[in-house]
Amino acid sequence: MVREEHAQSLVELALTLPVLLLLAVLIVTLSLLGIARLATENAASEGARTLALTNDDVRATATAIAATAPLRSDLVDVRIDPSSASLRPRGSLARVVVGYRLALPFAFAGLGDVRVEGVGVRRMEFIDVP
Amino acid sequence: MCRDDRGQALALLVAALGFAAFVVGAVVETDTRLLNRLHATRAAEAAAEAAGGVAADLMLELRAEALQDHRAVDVIDAALADPLLAARAEGAARQVLASMGADLTRLTLNRRSTELSAKAEVHSRNTDGLARVGVQPP
């Protein structure tokens, strides 16, 4: 009788533990996703602001990437629209899109990565003084 | 007693599932609220900066005209007296906000000490945002 109970406990543990672990992973993943969404949104806004003030793609990109902390910078990509500085005169709108590839621990289920994007828009303030 | 023990794992699992559902819901809700708040604040900043940029352009024009005519002028008062400033600033703010999916609730332009203040109140994703910028005269 005692052996049967031990075996039953083991079976119950084997059944419940994976579910509990999956839930824990889900909660952690959702939290990471939330952090990534906040960081990319904030970074895009900071990048757009730098772009509006300097019209410098390199500085805007560097600012955006720096603002994505604590995300991994090698997984961050920055897109600027319009892509050419000459197409962004004072008063026009500039858009900075910061993307982040968040690796999910569900690759076994065909859910490898998810892409998170933040968008920042600013009116160009830069004046090109010769 | 043995039979009572048999349902323990199931009860624990149900309780854990319920708790996990609550935690997941709370995480998603908090994340969405924080993101909406951030978006509304950033939209308000963009709107206030756009309006401030328009005001700065006008103040530059007024300063250039005054220098050409060799007369002294308080460009902040002169800019605020311009009937087109409010409409232009609001247009610029609305243009930025439209591309961010936000609406302008109110734009206030006034003098604050030695600068022209542009305060934007916006509504985005069921959240209110507020930002102010100060524009120094040229």
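Since every read-out is calculated from the coordinates, none of them should be taken as a lab result. Since the structure is predicted, the reported quantities are computational estimates derived from the model, not experimental observations. We place every Cβ from the backbone using ideal geometry, glycine too, and count neighbours over all the protein chains shown.
Some observations on this one:
- Kirkwood analysis of the Cα pair distances in the protein assembly as shown returns a hydrodynamic radius of 21.9 Å.
- When chain B is treated as a GNM with alpha-carbon contacts under 10 Å, the residue of B:V23, B:V122, B:V75 showing the greatest mean-square fluctuation is B:V23.
- For region B:2-135, relative contact order (Cα pairs under 8 Å, six or more residues apart, normalised by length) works out to 30 percent.
- Convex hull projection area averaged over all views, chain B, Cα basis, nm²: 11.5
- Principal-axis analysis of the Cα atoms of chain B puts helix B:83-100 at an angle of about 30° to the longest axis.
- Measuring nothing but how far apart in sequence close Cα pairs (under 8 Å, 6+ apart) lie, relative to its length, chain A scores a relative contact order of 27 percent.
- Whole-Hz ³J(HN,Hα) from phi, Karplus 6.51 cos²θ - 1.76 cosθ + 1.60, for region B:43-53, glycine and proline x: 5, 5, 4, 4, 5, 5, 5, 5, 5, x, x
- Estimated vicinal HN-Hα couplings, Hz - region B:11-19 in sequence order (Karplus 6.51, -1.76, 1.60; Gly, Pro = x): 5, 5, 5, 4, 5, 5, 5, x, 5
- Phi-based couplings in Hz for region A:13-25 (Karplus 6.51, -1.76, 1.60; Gly and Pro marked x): 5, 4, 7, 8, 4, x, 5, 5, 5, 4, 5, 4, 5
- Tilt relative to chain A, helix A:57-67 - C-alpha long axis, 0 to 90 degrees, to 10: 30
- Chain A: projected area of the alpha-carbon convex hull, averaged over directions, in nm²: 9.7
- Here's how it looks for B:V135: its modeled amide H is under 5 Å from those of B:L116, B:S117, B:A118, which are all 5 or more places away or on a different chain.
- Theoretical FRET efficiency, 1/(1+(r/R0)^6), r = Cβ-Cβ of B:D128 and B:F22, R0 25 Å, to 0.05: 0.35
- Taking each DSSP H run with n ≥ 4 as -39500 (n - 2.57) and averaging over every residue of chain B yields -23000 deg cm²/dmol at 222 nm.
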